Amino acid sequence: MIAGCALFLHTGAFGQGYHSNDLTPAGSPSGRLSGIAGGTQVGAATSSVTSYSHAVLLNGNALTAIDLHPAAYYYSMAMCTDGLQQGGWGYSLTGGGIHALVWNGSSSSYSDLNPSGYMFSYCLGVDHGEQVGYAQNQSYFVTASHAMCWYGSAGSVVDLHPAWPYGFSRAVGCRNGEEVGYVSTLAYPDGDAQGYHTTSHAVRWAGTAASAVDLNPAGYDASEATCTNGAQEGGWGYQVLTNTQHAMFWREMPPPP
């Protein structure tokens, strides 16, 4: 199964055969989950003191929630986990912007991944010591957005932006040394993961910008890769003529004999 992907089919009564569990931590007026792996869940809960979101780590029980929010940040969100590490972002009080963060199970174990020369960054995927996301600069508009991968620190960053005629790129998932995401000619709004991105091309990487492969399929005007199991990629393709998105699955073809 490709990590992070799911296909839901309507086969019966809503929720039939499933047990729901409210994991909103005690004392928090609201909460949400963004990632699940290895029996743990990550997301954010609203602080009853400040009314801003705090990144949280859970293990299926609201009473044992761990507040991951670092002390030097205004608000935070955990977006992904591999069961060992947690990735996301926080608004830095000292850095003056949103910075990609990775945690190792506690608020004090975080690392700020924001690379030198960038104002903002986001961590959207983690896997066995690797983190992926993007970093960008902005004045009135986004002037640069580059896909990035890290290995636990800001100094370990690898800029994945390929030398192609696209001004922007983002990595959104990783597994077993492979990264997936997209390049685009427009800078889409932060958090707009499900919108009709009409200038994107799906991309997979193997740890370097030079390894980038354009996955955009023939007959499609745009595409994005959103998840991977390390050998196969999932995402969507967009057709202008019908103004529709289609679920997409890629796998590398074996070389000819």
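A short reminder: the numbers here are calculations on the coordinates, not readings from a lab. Computed from a predicted structure; not experimentally measured. Every residue, glycine as well, gets a Cβ built from its backbone with ideal geometry; the counts of neighbours run over all protein chains shown.
Over the C-alpha trace of the stretch 87-194, radius of gyration and Dmax come out as 13.0, 41 angstrom.
Averaging 1/r across all pairs of distinct Cα atoms in the stretch 149-257 and inverting the result yields a Kirkwood radius of 14.3 Å. Close amide H pairs (under 5 Å, H built 1.01 Å from N) link Asn229 with Ala3, residues at least 5 positions away or on another chain. Close amide H contacts of Tyr73 (hydrogens built in the peptide plane, cut-off under 5 Å, sequence separation of 5 or more or a different chain): Leu93.
Projecting the Cα positions of Leu33, Ala247, Leu63 onto the charge dipole of the chain (unit charges on Cβ atoms of Lys, Arg, Asp and Glu, taken about the Cα centre) puts Leu63 furthest along the positive direction.
Applying the Karplus relation 6.51 cos²θ - 1.76 cosθ + 1.60 with θ = phi - 60° to the stretch 239-246 yields 3J(HN,Hα) values of 10, 5, 4, 9, 6, 9, 9, 10 Hz, where x marks Gly and Pro. Once you treat every alpha carbon in the stretch 141-206 as an equal point and sum by Debye, what is log10 I(q)/I(0) at q = 0.12, 0.18 Å⁻¹? So the normalised log intensities work out to -0.30, -0.67. Counting only the Cα atoms, the chain fills a convex hull of 163 Å³ per residue. Couplings 3J(HN,Hα) for the stretch 20-36, derived from phi with the Karplus relation 6.51 cos²θ - 1.76 cosθ + 1.60 (θ = phi - 60°), are 9, 9, 6, 9, 4, x, 4, x, 8, x, 7, x, 7, 10, 10, x, 9 Hz, where x marks Gly and Pro. Between Asp221 and Ala206, the contour length at 0.36 nm per residue exceeds the Cα-Cα span by 3.0 nm. Cα centroid distance between the stretch 124-154 and the stretch 206-244, in Å? Taking the Cα centre of each part, the stretch 124-154 and the stretch 206-244 sit 19 Å apart. Our summary of shape: the Cα atoms of the stretch 31-87 have principal axis extents of 31, 21, 15 Å, ordered from largest down, in whole angstrom. Can you tell me the FRET efficiency between Tyr151 and Ala231 if r is taken as the Cβ-Cβ distance and R0 is 22 Å, rounded to the nearest 0.05? The value I calculate is 0.55.
Here the Karplus relation 6.51 cos²θ - 1.76 cosθ + 1.60, evaluated at θ = phi - 60°, turns the backbone of the stretch 218-225 into coupling constants of 4, x, 10, 8, 7, 6, 8, 9 Hz, with x for every Gly and Pro.
When only DSSP loop residues count, what chymotrypsin sites (Phe, Trp or Tyr not before Pro) in the stretch 195-243 have their Cβ near at most 15 other Cβ atoms within 10 Å?
Numbers: sites: Tyr196, Trp205, Tyr220, Trp236, Tyr238; in loops: Tyr196, Tyr220.
Qualifying residues, ordered by number: Tyr196.
Here the spin labels are modelled as points 7 Å beyond Cα on the Cα-Cβ line, and at Ile36 and Ser51 they lie 3.2 nm apart.
Between Ser20 and Asp190, what length comes free when the chain is fully extended (0.36 nm per residue of separation minus the Cα-Cα distance, one decimal in nm)? All intermediate terms of the calculation are to be shown ahead of the outcome.
Numbers: separation 170, 0.36 × 170 = 61.20 nm, distance 2.98 nm.
Length gained, Ser20 through Asp190: 58.2 nm.
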